[in-house]
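A short worksheet on the structure shown next.
The values are calculated or read from the model by the stated rules, or taken from the named source; none is laboratory data. Here the structure is a predicted model, which is why all the values come from computation and not from measurement. With ideal geometry, Cβ positions are generated from the backbone for all residues, glycine too; neighbour counts draw on all protein chains shown.
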């Protein structure tokens, strides 16, 4: 098995055309294609867009997420 990483650009109709040279001639092969948009935004060392946390921190302050406690705590078997 061989892994080939390519970058390509779609045309105005959303079509991408690939020509991949191989060393395999006259054989059936299986091709697995994974498409992922390339994000040109700068990212920090953790992979988040620069300024992401500055922009989103506290965004739910006016509508906090509440976790309702169960009416009865879980009853679990004792560990032997």
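What pairs come up if the first residue lies in the range 21-41 and is closer than 14 Å to residue 8 by Cα, the second is modelled with pLDDT under 85 and loosely packed, with under 10 Cβ neighbours inside 10 Å, and their beta carbons are under 9 Å apart, counting only those six or more places apart or on different chains?
Matching pairs, first to second residue: 38/7.
Contact list please: Cβ distance under 6 Å, first residue in the range 50-77 and on the phi < 0 side of the Ramachandran plot, second residue surrounded by fewer than 10 Cβ atoms within 10 Å (Cβ to Cβ) and at pLDDT 85 or above, pairs at least six apart or on different chains.
50/42
For the range 42-69, how many residues are surrounded by 10 or more Cβ atoms within 10 Å (Cβ to Cβ), part of a loop (DSSP other than H, G, I, E, B) and in contact with a strand residue (DSSP E or B) (Cβ under 9 Å, 6 or more places away or on another chain)?
1
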